[in-house]
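Visitor: Here's a structure for you.
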Amino acid sequence: MEKFVIKGGKRLKGIVVIGGAKNSALPIMSASLLAVGDNIIKNIPNMRDVKTMARLLEYMGANIISKDDELKIDTKGIKKFEAPYELVKTMRASVLVLCPLVTRYSKAKVSLPGGCAIGARPINLHLLGLQKMGAKIELESGYVIAKASRLKGAHITFDIPTVTGTENIMMAGTLAKGTTIIENSAMEPEVIDLANCLNSMGAKIYGAGQRIIEIEGVDALNPIKNYKIISDRIQAGTFMAIAGLTGGEILIKNCPNEYLEAVIEKLKETGIIIKQTEKGTLVKGPKELISTDIKTMPYPGFPTDMQAQFMALMTVAKGTSIIKENIFENRFMHIAELKRMGADISVDGNIATIRGVNKLKGAPVMATDLRASASLVIAGLKAEGESIIDRIYHLDRGYEKMDEKLKLLGANIERIS
């Protein structure tokens, strides 16, 4: 098992380039199942979850060729309609193949999803939507088994906005007979990205990025042709936090500022300077961070995927900050590890109170999920002495060559086995 060894205290400076969004890549890769032929996707990030999705598609019979940031998925050989547990147990996004398989091939057997242990993320809304569209659903030995000769358009209202649920039903609606309407849909940029990709394939999707999405079913879709996915907003936000906590100066290229408004607003409240220049987004850390409060919300609110990184910032900010986690009930597992580094944090239910300390001290810590691991890296870059961060396979799921990018900024970081 690999670890990071970080010797903190260095002011990071330089240029970082943001790659494609993992949370766009995975549903768009799944969308390749909706058409027969060569699908070409650009700006694909090189990270663990993307590789897992590629292995899953290969298991089903797809032929995949990866070159630089381009992925070619030939779906002519699809013969298996199953996502087995052993392949997908580490990746919750595996559920995104469910609707494309039922929609295009009339059947699917998909393992109930795994992934980060950050709380219950049931797929009941996906299944209720499929049932409304005429699919027969069975749960058997940890698998969802779905069948439908041809899905029918339906009016589906989600109790709460769900990103993967919106994406799955949106894909189901593309080839369904009639019109599908999704109410209370997720508004995330990655949902818009998937809709744009599907429309480029010949789908008729209207309203993506709004609370109501309408999909007119068509008889067939064309393969994806040279679709470039959006940049990763969470990766960009993480490097903004790194610049802020280390008092550094980082120029972020390919930074999707239009999708980071809530994050940028809160970072500026802490004293971090963020400016758009001709060369990219320039982020400068202040001499002293100022405490501020956040509460996580569905997009366009402050994203839960940036909560842990923001908390790392607040550990050494002047004053007291309150962080309210409204999305996942178990997304405070990084707190115990931050406290090992000297952070002063108390928790009451879904509310964390962080009292800024003068300094953090290096310590051995353990990552519990993807974004928690990012917060520990950020804290380690600030802490005095040496920090050892275990289980960084969580980090590799959603960050591309994180240690290499940090080294280019001047960080003292090593990956060891």
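The values are calculated or read from the model by the stated rules, or taken from the named source; none is laboratory data. Owing to the predicted nature of the structure, the values given are computational and were not obtained by experimental measurement. Counting neighbours? That spans all protein chains shown, and the Cβs are built from the backbone with ideal geometry, glycine included.
Visitor: Taking the range 325-341 as the search range and keeping residues that are assigned to a loop (DSSP other than H, G, I, E, B) and of a type outside the set (D, E), which one is nearest to P364 (Cα to Cα)? Lay out the reasoning, then the answer.
Guide: Taking the range 325-341 as the starting set, the residues that turn out to be assigned to a loop (DSSP other than H, G, I, E, B) are 325-333, 341.
Cutting the leftovers down to of a type outside the set (D, E) gives us 326-328, 330-333, 341.
Working: N326: 29, I327: 28, F328: 26, N330: 22, R331: 20, F332: 18, M333: 15, M341: 8 Å.
Ranking the candidates gives M341 first.
Visitor: Being within 20 Å of G8 (Cα to Cα), within 24 Å of the chain's Cα centre (by Cα) and touching a residue at least 60 places away in the same chain (Cβ under 8 Å) is true for just one of D369, D390. Which residue is that? Break it down into steps so the answer makes sense when it comes.
Guide: Working: D369 fails: within 20 Å of G8 (Cα to Cα).
Testing whether each residue is within 20 Å of G8 (Cα to Cα), within 24 Å of the chain's Cα centre (by Cα) and touching a residue at least 60 places away in the same chain (Cβ under 8 Å) leaves just D390.
Visitor: Out of everything in the range 41-65 that is surrounded by fewer than 16 Cβ atoms within 10 Å (Cβ to Cβ), within 21 Å of the chain's Cα centre (by Cα) and outside any helix (DSSP H, G or I), what residue ends up being modelled with the highest pLDDT?
Guide: It comes out as K42.
Visitor: Can I ask one more? Determine whether L221 is at pLDDT 95 or above, in contact with a Leu (Cβ under 8 Å, 6 or more places away or on another chain), part of a helix (DSSP H, G or I) and not polar (S, T, N, Q).
Guide: On the way: at pLDDT 95 or above: yes; in contact with a Leu (Cβ under 8 Å, 6 or more places away or on another chain): yes; part of a helix (DSSP H, G or I): no; not polar (S, T, N, Q): yes.
When the stated conditions are applied, L221 does not pass them.
Visitor: Ok, one more. Would you confirm whether any residue within the range 369-386 is among the β-branched types (V, I, T) and touching a Lys or Arg at 6+ places or on another chain (Cβ under 8 Å)?
Guide: Within the range 369-386, none of the residues are among the β-branched types (V, I, T) and touching a Lys or Arg at 6+ places or on another chain (Cβ under 8 Å).
Visitor: Right, something else. Looking at the structure I just gave you, is S24 small (G, A, S), modelled with pLDDT under 95 and within 30 Å of A374 (Cβ to Cβ)? Don't jump to the end; show me each part of the working.
Guide: Details: small (G, A, S): yes; modelled with pLDDT under 95: no; within 30 Å of A374 (Cβ to Cβ): yes.
So S24 does not fit the description; no.
For (1) within 26 Å of G301 (Cβ to Cβ); (2) more than 27 Å from the chain's Cα centre (by Cα), each residue gets a yes or a no:
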residue: M133; (1), (2): no, yes
residue: S141; (1), (2): no, yes
residue: F158; (1), (2): yes, no
residue: T164; (1), (2): yes, no
residue: N168; (1), (2): yes, no
residue: L175; (1), (2): no, no
residue: T179; (1), (2): no, yes
residue: A220; (1), (2): no, yes
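Visitor: Okay, next question. Count, please, the residues in the range 55-65 that happen to be touching a helix residue (DSSP H, G or I) at 6+ places or on another chain (Cβ under 7 Å) and not aromatic (F, W, Y). Full working, then the answer.
Guide: Taking the range 55-65 as the starting set, the residues that turn out to be touching a helix residue (DSSP H, G or I) at 6+ places or on another chain (Cβ under 7 Å) are 55-57, 59, 64.
Restricting the remaining residues to those that are not aromatic (F, W, Y) gives 55-57, 64.
Number of matching residues: 4.
Visitor: Take the range 66-95 and flag every residue that is among the polar types (S, T, N, Q), in a loop (DSSP other than H, G, I, E, B) and surrounded by fewer than 18 Cβ atoms within 10 Å (Cβ to Cβ).
Guide: Within the range 66-95, the first condition is being among the polar types (S, T, N, Q), and the residues that meet it are 66, 75, 90, 94.
Now restrict to residues that are in a loop (DSSP other than H, G, I, E, B): 75, 90.
Across the range 66-95, the qualifying residue is only T90.
Visitor: Can you tell me which residue is modelled with the lowest pLDDT among those in the range 71-88 that are in contact with a strand residue (DSSP E or B) (Cβ under 7 Å, 6 or more places away or on another chain) and farther than 15 Å from L26 by Cα?
Guide: Of the range 71-88, the ones in contact with a strand residue (DSSP E or B) (Cβ under 7 Å, 6 or more places away or on another chain) are 71-75, 77, 81-85, 88.
Applying the additional criterion that residues be farther than 15 Å from L26 by Cα yields 74-75, 77, 81-82, 84-85.
Working: D74: 98, T75: 98, G77: 97, F81: 97, E82: 95, P84: 94, Y85: 91.
Out of the qualifying residues, it is Y85.
Visitor: Among the residues of the range 96-108, are any part of a strand (DSSP E or B), out of contact with any helix residue (DSSP H, G or I) (no Cβ under 9 Å at 6 or more places or on another chain) and under 25 Å from N199 (Cβ atoms)? Lay out the reasoning, then the answer.
Guide: Applying the first criterion (part of a strand (DSSP E or B)) to the range 96-108 yields 107-108.
Add one more test, that the residue is out of contact with any helix residue (DSSP H, G or I) (no Cβ under 9 Å at 6 or more places or on another chain), and what stays is none.
Taking every residue of the range 96-108 in turn, none turns out to be part of a strand (DSSP E or B), out of contact with any helix residue (DSSP H, G or I) (no Cβ under 9 Å at 6 or more places or on another chain) and under 25 Å from N199 (Cβ atoms).
Visitor: To continue, here is another question. Can you tell me which residue is farthest from G217 (Cα to Cα) among those in the range 177-200 that are touching a Lys or Arg at 6+ places or on another chain (Cβ under 8 Å) and surrounded by fewer than 24 Cβ atoms within 10 Å (Cβ to Cβ)? Steps first, please.
Guide: The initial filter retains those residues of the range 177-200 that are touching a Lys or Arg at 6+ places or on another chain (Cβ under 8 Å), namely 177-178, 183-185, 187, 189, 200.
When the remaining residues are screened for being surrounded by fewer than 24 Cβ atoms within 10 Å (Cβ to Cβ), the result is 177-178, 183-184, 187, 189, 200.
On the way: K177: 5, G178: 5, E183: 17, N184: 20, M187: 21, P189: 23, S200: 14 Å.
By that ranking, first place goes to P189.
Visitor: Continuing with the same structure: Go through the range 321-369 and give me each residue that's surrounded by fewer than 19 Cβ atoms within 10 Å (Cβ to Cβ), of a type outside the set (A, V, I, L, M), within 25 Å of R48 (Cβ to Cβ) and out of contact with any Gly (no Cβ under 8 Å at 6 or more places or on another chain).
Guide: Once the filter is applied, which keeps residues that are surrounded by fewer than 19 Cβ atoms within 10 Å (Cβ to Cβ), of a type outside the set (A, V, I, L, M), within 25 Å of R48 (Cβ to Cβ) and out of contact with any Gly (no Cβ under 8 Å at 6 or more places or on another chain), the range 321-369 yields only P364.
Visitor: Looking at the range 178-185, is at least one residue among the charged types (D, E, K, R), at pLDDT 95 or above and either assigned to a loop (DSSP other than H, G, I, E, B) or more than 17 Å from A108 (Cα to Cα) (or both)?
Guide: Within the range 178-185, one or more residues are among the charged types (D, E, K, R), at pLDDT 95 or above and either assigned to a loop (DSSP other than H, G, I, E, B) or more than 17 Å from A108 (Cα to Cα) (or both).
Visitor: Among the residues of the range 371-401, which ones are hydrophobic (A, V, I, L, M, F, W, C) and surrounded by fewer than 24 Cβ atoms within 10 Å (Cβ to Cβ)?
Guide: Start the filter on the range 371-401 by keeping residues that are hydrophobic (A, V, I, L, M, F, W, C), which leaves 372, 374, 376-379, 381, 383, 388-389, 392, 395.
Of everything in the range 371-401, those that are hydrophobic (A, V, I, L, M, F, W, C) and surrounded by fewer than 24 Cβ atoms within 10 Å (Cβ to Cβ) turn out to be I388, I392.
Visitor: On the basis of being over 26 Å from G165 (Cβ atoms) and in contact (Cβ under 8 Å) with a residue 40 or more places away in the chain, does I65 make the cut? Reasoning before the result, please.
Guide: Values: over 26 Å from G165 (Cβ atoms): yes; in contact (Cβ under 8 Å) with a residue 40 or more places away in the chain: no.
Considered against the rule, which asks whether it is over 26 Å from G165 (Cβ atoms) and in contact (Cβ under 8 Å) with a residue 40 or more places away in the chain, I65 comes out as no.
Visitor: T353 - would you say it is of a type in the set (S, T, Y) and out of contact with any helix residue (DSSP H, G or I) (no Cβ under 9 Å at 6 or more places or on another chain)? If you could, list the steps in order and put the result at the bottom.
Guide: On the way: of a type in the set (S, T, Y): yes; out of contact with any helix residue (DSSP H, G or I) (no Cβ under 9 Å at 6 or more places or on another chain): yes.
When the stated conditions are applied, T353 passes them.
Visitor: Give the residue that is farthest from G244 (Cα to Cα), with candidates limited to residues of the range 273-306 that are in contact with a Lys or Arg (Cβ under 7 Å, 6 or more places away or on another chain) and among the aliphatic types (A, V, I, L, M).
Guide: Only one residue fits best here, namely I294.
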